[in-house]
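Everything below concerns the one structure shown next.
The values are calculated or read from the model by the stated rules, or taken from the named source; none is laboratory data. The model shown is predicted, which means the values in this text are computed figures rather than measured ones. Here the Cβ positions follow ideal geometry from the backbone for every residue, glycine too, while neighbour counts run over all protein chains shown. Protein only, heavy atoms only, side chains kept; ligands, DNA and RNA dropped before computing areas. Shrake-Rupley method; radii C 1.70, N 1.55, O 1.52, S 1.80 Å.
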Amino acid sequence: MSSALECHNARKVFYVKRERKNGSILSRLFARLIPKYKMVEAVDRLTFHVEPGEIFGILGPNGSGKSTLIRLISTLLLPDEGCITVFGHDVVKERFQVRKLINRVSVDAAFFKGLSAMENLSYTARLYDLDKGAWQDTAADILERLGLKTDKLHEPLEDLSRGMQQKIAVARALLTRPLLLLLDEPTTGLDPVSKKEVQDFVLEERALRGTTVVLTTHDMQEADRLCDRIAIIDYGRFVAMDTPGGLKSQVSPNGEDVTLEEVFFALTGKRLKDNGKPENGDVR
Ligand SMILES: Nc1ncnc2c1ncn2[C@@H]1O[C@H](COP(=O)(O)OP(=O)(O)OP(=O)(O)O)[C@@H](O)[C@H]1O
Ligand SMILES: [Mg+2]
């Protein structure tokens, strides 16, 4: 069987306008000699694969390229170089086939905020042409497993907490029964109970359906708990890729008890705070 996801030398570059500070005439003249745009290698020639049914974690500080990589896989961005396939389908040449196989949850999921959860899910069901009778049962099952109270499902989404909205985003992504689920920081900002409910749900979905999951996170415990393998990304490059145990033993060959947090620091020289921001600010 082919891999669920294959990336070969995937690269994405952005050109970002430089900030020009007001200063003396001389410094402004000097600034004109510097190009207006600087190049950011958001994803820097990444090569890796993910097996069917695997939960693959991508762990990295702010601006390290996690979301860009997820957008490339989900056909929302075009790679500048390299090739990405999802269950053998090329994300550029066969993007419509790929879209049928995947779904994505992002940290800032877009909704019709004035509509209720059920109305938003109904919109998704129509968009994906899901069976009328079946989608409501599937949605009810998913929402119950995520611990969402049914009385909240008919209130406008803007009146629900961020945690509830995030769970609805997870439910919406699962409604289409994707073979590859792309989770971009699905639990950032959630309280510990909601976080655990979402994590349990991801593990359950994989166990029930063999769903392949690519998950980005800043949360070391989450990566340790959920992922079969973890890639640590910094400046668009993987600085390490292994099982959680394998990563720990790379840093502590004597078998001392180390945390993934310590592994991350040893490999990147950076520490992550709870909100995901590295202590020395954005990496770029
Ligand atoms: N649309 C864009 N235009 C210009 N630059 C971009 C764009 N999207 C991302 N970047 C830049 O690419 C780099 C990687 O960004 P990306 O959003 O992939 O990082 P991230 O690891 O997801 O960060 P975070 O943890 O904050 O979500 C950053 O330097 C970012 O500023
Ligand atoms: Mg991101």
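Candidates Ala266, Pro192, Thr216 compared by Cα position along the dipole of the stretch 172-279: farthest toward the positive end lies Thr216, with charges placed on Cβ.
An oblate overall shape is assigned to the stretch 153-207, the ratio a/c of its alpha-carbon gyration tensor axes (a ≥ b ≥ c) being 1.5 or greater and a/b not exceeding b/c. A cut-off of 5 Å between modelled amide H atoms, ignoring neighbours fewer than 5 places along the same chain, links Leu77 with Leu72. Between Arg11 and Glu262, what is the spin-label point distance in nm, taking each point 7 Å from the Cα along the Cα→C-beta axis? Inter-label distance under the simple model: 3.8 nm. Across the chain, the mean sequence separation of Cα contacts (distance under 8 Å, 6 or more residues apart), normalised by length, yields a relative contact order of 24 percent.
A simple packing score, the average count of other Cβ atoms within 10 Å per residue, orders the peptides 243-249, 224-230 as 224-230, 243-249, with the highest score first. Taking the convex hull of the alpha carbon positions in the stretch 129-176 and averaging its projected area over all directions gives 3.4 nm².
Semi-axes of the equivalent ellipsoid of the stretch 96-235 are 23, 18, 14 Å, computed as sqrt(5λ) over the eigenvalues of the C-alpha gyration tensor in descending order. Between Arg28 and Asp108, full extension at 0.36 nm per residue minus the direct alpha carbon distance yields a gain of 25.0 nm.
Between the amide H of Arg271 and those of Glu279, Asn280, distances stay under 5 Å, these residues lying 5 or more places away or on another chain, with hydrogens modeled in the peptide plane. For the stretch 59-156, the carbon plus sulfur part of the accessible surface works out to 51%, probe radius 1.4 Å. Of all alpha-carbon pairs in the stretch 85-166, indicate the percentage at a distance above 19 angstrom. Of all Cα-Cα pairs in the stretch 85-166, 48 percent lie more than 19 Å apart.
Ordered from longest to shortest, the equivalent ellipsoid semi-axes for the stretch 1-108 are 37, 14, 12 Å, each the square root of 5 times a Cα gyration tensor eigenvalue. So, with +1 on the Cβ of K and R and -1 on the Cβ of D and E, and no other charges, what is the size of the charge dipole of the chain about its Cα centre, to the nearest 20 debye? Taking the Cα centre of the chain as origin, the dipole is about 1600 debye. Across the chain, what fraction of all alpha-carbon pairs, as a whole percent, falls in each successive 5 Å bin from zero upward? Over the chain, the share of Cα pairs per 5 Å bin runs 1, 5, 11, 15, 16, 15, 13, 9, 6, 4, 2, 1, 0, 0, 0 percent.
In this structure the amide hydrogen of Val105, modeled in the peptide plane, comes within under 5 Å of the amide hydrogens of Leu182, Leu183, Asp184, none closer than 5 places in sequence on its chain.
In straight Cα distance, which lysines are under 19 Å from Lys167, not counting same-chain residues fewer than 8 positions off? Within reach: Lys113, Lys149, Lys152, Lys195, Lys196.
Extents of the stretch 201-275, taken as max minus min of Cα coordinates on every principal axis and listed largest first, are 37, 28, 22 Å.
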